[in-house]
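To start, the structure under review is shown below, and the notes come after it.
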């Protein structure tokens, strides 16, 4: 047994040992009972359940970015809760609520949904942006005309891939990509773009022709219909 140096009071050494020897400034884990279902910290829940797909900071993951203020302003709170609860059928997004076979309690699902908007969202309501939810009435032929005006300069003719400056832009008319992307996700990208990858949103002119005009709700529906028409019949 090693005795404390003579110049250290015995009571101070005992107090230090009793504290768990946690040096000053060292971060501590969220205080819980130790049971996973009692974890209430957003950052810890996000890190262990979302970051692998959506990115450590909500961007640049294989799944859609969540650190996107425009997306978080247009997606309804209830929709965030629903998707985390149920997952998204036909995509790698699995259910997370216990009731659907997932690892989280309903309370933890709500903490994640609310925390996304608190951490990365901006307050306020946008009235000039096309709605988030899928809308009927899209026309793929009109969508092709809009695509040539708003998208082809980067994504290439018929969406087979192109360039934006010196940067290669991937194909979106691609069976594998479309098989992994729901129509809702495609609509979301048309509206919000991919700010983490430099893709402009529905009203941004960056990397677009000089005659580009802000996409309307009908334009968004038409483009979504066009992308859906490019799917392999086996994935429809």
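Could you tell me how many cubic angstrom of Cα convex hull volume region 140-235 has per residue?
Details: hull volume 8.5 nm³, N = 96.
Spread over its residues, the Cα hull of region 140-235 gives 89 Å³ apiece.
Taking neighbour counts of Cβ atoms within 10 Å as a proxy for exposure, in what order, fewest first, do 169, 83 appear? Show your work: numbers first, answer last.
Values: 169 20, 83 17.
Fewest-to-most Cβ neighbours within 10 Å comes out as 83, 169.
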- request: Return the Cα extents of region 118-170 along principal axes one, two and three, sorted largest first, each rounded to a whole Å.
  value: 37, 33, 15
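Can you compute the FRET efficiency between residue 40 and residue 60 using 1/(1 + (r/R0)^6), with r the Cβ-Cβ distance and R0 = 41 Å? Round to the nearest 0.05.
Working: r = 27 Å, r/R0 = 0.66.
So the FRET efficiency works out to roughly 0.90.
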- request: Using only C-alpha atoms and all pairs of different ones, pull out the Kirkwood radius for region 29-170 in Å with one decimal.
  value: 17.6 Å
message: Taking the number of other C-beta atoms within 10 Å as the exposure measure, put 220, 81 in order starting with the fewest.
response: 81, 220
message: Taking the Cα centroid of region 51-83 and of region 109-127, what is the distance between the two, rounded to the nearest whole Å?
response: 10 Å
message: Once R0 is set to 30 Å, what does the formula 1/(1 + (r/R0)^6) return for the Cβ-Cβ distance between residue 89 and residue 232, expressed as a FRET efficiency to the nearest 0.05?
response: 0.95
- prompt: When a footprinting reagent is the concern and you count Cβ atoms within 10 Å, what order do 127, 192, 122, 91 take, fewest first?
  reply: 127, 122, 91, 192
task: Taking 7 Å along the Cα-to-C-beta vector as the label spot, tell me the residue 179-residue 216 distance in nanometres, rounded to one decimal.
output: 3.7 nm
- prompt: Which value does Rg/Rh take for region 36-120 over its C-alpha atoms, Rh per Kirkwood?
  reply: 0.92
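Every number in this text was worked out from the coordinates using simple rules, so none of it is lab data. Because the structure is predicted, anything quoted here is derived from the model rather than measured. For neighbour counting, all protein chains shown are included, and Cβ atoms are generated from backbone atoms with ideal geometry for every residue, glycine included.
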